[in-house]
Amino acid sequence: MSNAVTALNGANYQGLATIADQGLTGMITLRGDLASAGIKAAVKSVTDLDVPAQRQALMGKGTAALWMSPDELLLLCPYAEVNTRIAGIEAALKGHHFLAVNVSDARTFLRISGSGAREVLAKLCPVDLSPEAFTPGMFRRTRMAQVPAAFWLDETGTFHLICFRSVADYAFELLKVSAQPGGEVGLYA
């Protein structure tokens with residue numbers, strides 16, 4: 001049996017911002033009625049977090065709950081714990097209509113940090129990333145150039161970005177070009 005590795009295998013780039021592979025991360029797509037008591041209890045039991053509001057990301061100790069659509073969440077947890085947490089969801093939702101799937105190996109998880117992080121993403125995404133418009137805990141699904149991506153901002157000012165594994169290298173290269181020194185626009189400086 002082979003060892004799991006990320007598509008970017010620990011890649012890191014220093015420029016206007018630091019672009020870094022966040023390593024193996026457990027990811028569970030959970031679909032169902034997000035307003036139901038059962039889904040709320042299941043999410044709480046496996047992440048110790050509530051169901052996030054629309055376009056919100058909630059972060060816990062080694063976990064996150066991300067709003068993807070009106071009936072879909074992406075739950076993050078340690079990579080080695082995905083199957084156990086899916087079993088917990090299945091037990092909590094027995095008899096309910098839901099879908100819980102391990103999508104860990106289908107996604108790439110990047111971190112964009114540093115004083116230029118907003119500018120680096122703003123060059124690539126059609127989202128108002130001004131500090132007044134995009135605050136910690138906000139979550140967006142969008143395009144990064146022509147790549148579907150989702151990202152959120154944490155309390156430290158670091159962005160976390162998820163995209164498909166199949167475009168990981170392309171996404172990383174886009175971010176590297178956007179973060180090259182000398183390419184400052186100065187919009188958020």
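The values are calculated or read from the model by the stated rules, or taken from the named source; none is laboratory data. Just so we're clear, the structure is a prediction, and the values are computed from it rather than from any experiment. No Cβ is skipped: glycine too gets one built from the backbone with ideal geometry, and neighbour counts run over all protein chains shown.
Summary of computed values
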| read-out | value |
| --- | --- |
| From the options Gly157, Gly186, Gly182, residue that is of a type in the set (Gly, Ala, Ser), in a loop (DSSP other than H, G, I, E, B) and within 24 Å of Thr25 (Cα to Cα) | Gly157 |
| Residue within region 6-26 that is part of a helix (DSSP H, G or I) and either more than 28 Å from Asp71 (Cβ to Cβ) or not aromatic (Phe, Trp, Tyr) (or both) present | no |
| Residue that is nearest to Phe159 (Cα to Cα) [pool: residues in region 98-115 that are assigned to a loop (DSSP other than H, G, I, E, B) and modelled with pLDDT of 95 or more] | Gly114 |
| Filter pass, Asp169 being of a type outside the set (S, T, N, Q), at pLDDT 95 or above, assigned to a helix (DSSP H, G or I) and closer than 23 Å to Met59 by Cα | no |
| Which listed residue, of Ser104, Ser115, Ser130, is loosely packed, with under 14 Cβ neighbours inside 10 Å, closer than 27 Å to Gly62 by Cα and among the hydroxyl-bearing types (Ser, Thr, Tyr) | Ser115 |
| Every pair of residues 6+ apart whose Cβ atoms lie under 8 Å, when the first sits in region 157-172 and is at positive phi while the second is modelled with pLDDT of 95 or more and surrounded by 21 or more Cβ atoms within 10 Å (Cβ to Cβ) | Gly157/Ala117 |
| The one condition in (1) surrounded by fewer than 19 Cβ atoms within 10 Å (Cβ to Cβ); (2) over 15 Å from Gln22 (Cα atoms); (3) in contact with a strand residue (DSSP E or B) (Cβ under 8 Å, 6 or more places away or on another chain) that Phe164 fails to fulfil | (2) |
| Ala122 under 22 Å from Thr6 (Cβ atoms) and either in contact with a helix residue (DSSP H, G or I) (Cβ under 6 Å, 6 or more places away or on another chain) or small (Gly, Ala, Ser) (or both) | no |
